[in-house]
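The structure appears right after this line, and notes come after that.
The values are calculated or read from the model by the stated rules, or taken from the named source; none is laboratory data. All of these numbers come straight from a predicted model, not from anything done at the bench. Every residue, glycine as well, gets a Cβ built from its backbone with ideal geometry; the counts of neighbours run over all protein chains shown.
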Amino acid sequence: MKNLKKLLFATALVLTPGIVPGQALDPADLLKPLSDSWPTYSGDYSGKRYSALTQINQSNIKNLALAWSSRITAGLNNAGGGRGGGAAAAPTIIGGEGTGELNESGPNSRSSRIVSSILEVGGKLYFSTPDNAWAADARDGHILWHYVWKTKGGTHTGNRGLGMWGNQLYLETPDNYLVCLDATTGKERWHKMLAPLSQQYFSTNSPIVIGNHVLVGLGNDLDSPAFLTAYDPETGEIQWRWYATPQDNSDPALKTWANLTAAKFGGGHMWIPGSYDPETRLYIVGTGNPTPAYTSKSRGEGDNLYTCSLVAINVDTGKLAWYFQTSPHDTHDWDSTQTPVLVDAPFNGRQRKLVITATRNGFFYTLDRVTGEHLVTGKFSPTANWDKGVDSRGQPVRNPAKDFDIAGALVSPTNAGATNWMPPTYSPDTGLFYVTTEDSYAMYYLTDTDPRGSMGLGGKDEQAAGSLGTFLTAMDYKTGKIAWRHQYPEAGAWGGTNVGHALLSTAGKLLFGGDPGGNLVAYDPATGAILWHVHLGDVSGPAQTYMLDGKQYVLVSAVDSLYAFALN
Amino acid sequence: MLPGAGACRLRTRALLPILIVIVAQVAGQATAQAQTRTRGNAAGIPQGAIDTRLPSDPAQVERGKALYGVRCTFCHGADARGGEGGPNLVRSGLVLNDVKGELIAPVLQNGRPEMGMPKFDLTSTQVSDIASFLHTFRAAGRDPARNAPPNVLVGDAKAGQAYFNAKCASCHSVTGDLKGLGSKIADPKTLQQTWLMPGAGRGASAATNVPPKTVTVTVSAAQKFEGRLDRIDDFTVTLVDAGGTSRTFIRNGSTPAVEVHDPLRPHKDLLPTYTDKDIHDVTAYLASVK
């Protein structure tokens, strides 16, 4: 392992021209467990969001207090992009191929809502919203530059964050461009079109940089083909592309579809980053729902591979190594795009290399991440009622009576899911996996009986029938059972695009996350007991942590503001 | 059917050739979805004010399409037939009744936070543009089943009555609080959503009066406060008492003792126990309560 790391480090140095010491991302840092910096979407490649930092811990959390806050101003009408309290306005760099008329700004715009993970590298923070990217000083939040992309359109629902390679940043835009920025100045180096807007692709994802590959997944709510693409970080040229569904007759997965046309346009978009195992060189990522999502007849009776699956892709070749389908023949638009969590931990008496995921359909899985061997299936949402049990492969068997019904079928969970894309966390201290969840019901009405089905997400009407609660849920990976749940008191249903909260655990024996009341809360990861909180109004982004000048910060976004906390 | 609907349909037909020409000019790729629209139908969808709409300005439709793509597509779908969480807008009574954005504007500008609909900062021109685009979608399709409201009345009213007597009658009576319910809520789907979870779903609360959650905060044996629950999380609880006074208490674990009374608790407790047949049966029964 050590030799491998050295080798990768050396390779990466050769491949990374123009590294600026002290500011650029040292590629070796990407292979380290999460500690001082936060150089990629999940902090490290494992997806655990578990920090080794201990300066802030259970014994002193009561002294955690505001270190700084900073507010962004999104859009084109706001030169400077930050309110620096009298300091000189930060430079705004404008790019893009649109006219600017469709760019959003103002307090209610999604471009003013930070849901992205925030990179911390070399004392600087890098983060993004649709069409916008910023750099800020990690010591006080002062905005250093603001980049705005003039959009041509596309769904502006959110942006999950930036990728970094050396001194370069990568941003996906809603109108499907990959934009490469200079991290020091925010100036654009190049941009490449990822997919045509006319086919209704849209991009919200955070690019993931592995070695000299920039991995990019897109979104699409029509029926356009789904793919993961590796780009050259220096030139933006395509290295390889993996399709989530069969695109020609040679693909063995074709037998799980009615025909090639159905397969080609069968969906499976990877709109949330995966995790990476350097030893096997496997990028493990969740695929999205099949399409048409609800009126599934045109897809045939098969499993519709590789939609709603965990797939392991060799990062050098772009070839599929293994898959495990978490929702065979999904009929409720329950993407399996949740962040998989890679864990080395004991299982049945021996140490195993595991991958854990809790998917939108209410099910929890533990697999072997080298082979994809199924180990555990459980339910983290006890109300999930769409299955007829679990088969010998460990997969839930769908109950077609709960697909939808002209007169209405009562289904749990709602389309928003028992969980959604907000990242979970895993603490090796407790051996528990944490995720925010909901026990919810909706009536699903079939509105389109045309055997051709509807396109995309059409063909059904979903009406809320009630929520039995929203929870911070701790799962035992060994049994697939709930270890404990903390119910958020009387909280209303999640829904829309903001289902739950992104979590963080630390070696300080702390578990952080937003709550529905607008608080940032620290819990005891062993019991769920509340240790500390602060009201921020609306915690929109992940809780994160980094260490700078000997001081540990806890960082979180609340709509258009960043808040950093440190010990008094 | 509302008074005057027949006349509306006649006049709609007279407009068809004009609409076809206009739409053909602007539709481009969207030709398939932009055929002529007919407003409303015979089965309960509100009749729209089609006749007061002027023919669409192609440039305005294009502007509306672009705005819609950015603001609305994710939730409501590119074809306005429903997306990630948002309802089908083509069949929406509000959209059907809208002429040039006057009904859509308040929804866009205020949002519907209880349904997860955010508010949007849009000028009245932009709202009109979006409305103009929305109105290019047909509100009827080739397949009658695609346009007809679902047939929700498939249950066995007798079985529904038995279920009602066993599970609902301890709180409700069809000669008391639910008297004439099937007449008050004529649309069976709305009726079904309303009895299943009053106040949830769309349009479900029209004929119901759901009492608010209340809360009892016990500070000490001598100090007890009761009132309507205003807000609560793990750290704070706010109630409004009978005199209209708002009181906020800091929560520290189980101190003070907080007891929330949710009038819909029995409805929630039933959710995991229903079969779909139970639901359809009860709907059939309540629809017969005229």
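Overview of values
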{"read-out": "Residue that is nearest to A:Leu354 (Cα to Cα), among those in segment A:279-290 that are part of a loop (DSSP other than H, G, I, E, B) and under 21 Å from the mean Cα position of the chain (by Cα)", "value": "A:Arg281"}
{"read-out": "Listing of strands (runs of 3 or more DSSP E) fully contained in segment A:106-164 that carry 3 or more residues being more than 23 Å from A:Trp421 (Cα to Cα) and facing chain B (nearest Cβ under 10 Å)", "value": "none"}
{"read-out": "Enumeration of residues in segment B:248-277 that are charged (D, E, K, R) and either outside any helix (DSSP H, G or I) or within 9 Å of another protein chain (Cβ to nearest Cβ) (or both)", "value": "B:Arg251, B:Glu259, B:Asp262, B:Lys268, B:Asp269, B:Asp276"}
{"read-out": "Among the candidates B:Lys189, B:Lys158, residue that is within 14 Å of chain A (Cβ to nearest Cβ), modelled with pLDDT of 90 or more and not in a loop (DSSP other than H, G, I, E, B)", "value": "B:Lys189"}
{"read-out": "Matching residues in segment B:94-130 - criterion: being in contact (Cβ under 8 Å) with a residue 60 or more places away in the chain and farther than 16 Å from B:Ser56 by Cα", "value": "B:Met115"}
{"read-out": "Any chance B:Thr208 is buried (at least 18 other Cβ atoms within 10 Å of the Cβ) and either in the same structural domain as B:Gly85 (by TED's automatic domain parsing) or modelled with pLDDT under 95 (or both)", "value": "no"}
{"read-out": "Positions within segment A:444-484 being out of contact with any helix residue (DSSP H, G or I) (no Cβ under 8 Å at 6 or more places or on another chain), surrounded by fewer than 21 Cβ atoms within 10 Å (Cβ to Cβ), farther than 15 Å from A:Gly431 by Cα and more than 8 Å from chain B (Cβ to nearest Cβ), in sequence order", "value": "A:Gly469"}
{"read-out": "Selection within segment B:90-124 - assigned to a loop (DSSP other than H, G, I, E, B) and either in the same structural domain as B:Thr190 (by TED's automatic domain parsing) or more than 22 Å from A:Asn108 (Cα to Cα) (or both)", "value": "B:Val90, B:Arg91, B:Ser92, B:Asp98, B:Val99, B:Lys100"}
{"read-out": "Residue among A:Thr383, A:Thr357 that alone is of a type in the set (S, T, N, Q), at pLDDT 95 or above and farther than 25 Å from A:Tyr276 by Cβ", "value": "A:Thr383"}
{"read-out": "Subset of segment A:226-245 [surrounded by fewer than 22 Cβ atoms within 10 Å (Cβ to Cβ) and in a loop (DSSP other than H, G, I, E, B)]", "value": "A:Asp232, A:Glu234, A:Thr235, A:Gly236, A:Glu237"}
{"read-out": "Set B:Val215, B:Val240, B:Val219: member being among the aliphatic types (A, V, I, L, M), more than 13 Å from chain A (Cβ to nearest Cβ) and touching a residue at least 24 places away in the same chain (Cβ under 8 Å)", "value": "B:Val219"}
{"read-out": "Single unsatisfied condition, A:Asn385 versus (1) in a loop (DSSP other than H, G, I, E, B); (2) away from every other protein chain (no Cβ under 14 Å); (3) more than 21 Å from A:Tyr434 (Cα to Cα); (4) touching a strand residue (DSSP E or B) at 6+ places or on another chain (Cβ under 8 Å)", "value": "(2)"}
{"read-out": "Residues located in segment A:228-258, provided they are among the polar types (S, T, N, Q) and in contact with a Lys or Arg (Cβ under 8 Å, 6 or more places away or on another chain)", "value": "A:Thr229, A:Thr245, A:Gln247"}
{"read-out": "Enumeration of residues in segment A:485-501 that are at the interface with chain B (Cβ under 10 Å from one of its Cβ atoms), outside any strand (DSSP E or B) and more than 27 Å from B:Asn88 (Cα to Cα)", "value": "A:Tyr488, A:Pro489, A:Glu490"}
{"read-out": "Unmet criterion (only one of (1) buried (at least 24 other Cβ atoms within 10 Å of the Cβ); (2) over 17 Å from A:Val556 (Cβ atoms)) for A:Asn159", "value": "(2)"}
{"read-out": "Among the candidates A:Leu215, A:Leu222, residue that is within 21 Å of A:Leu119 (Cβ to Cβ) and either within 23 Å of the chain's Cα centre (by Cα) or part of a loop (DSSP other than H, G, I, E, B) (or both)", "value": "A:Leu215"}
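Results for (1) surrounded by fewer than 16 Cβ atoms within 10 Å (Cβ to Cβ); (2) modelled with pLDDT of 90 or more; (3) under 22 Å from A:Asp182 (Cα atoms), shown as yes or no for each residue.
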site: A:Lys5; (1), (2), (3): yes, no, no
site: A:Ala12; (1), (2), (3): no, no, yes
site: A:Gly22; (1), (2), (3): yes, no, yes
site: A:Tyr45; (1), (2), (3): no, yes, no
site: A:Asn60; (1), (2), (3): yes, yes, no
site: A:Asn63; (1), (2), (3): yes, yes, no
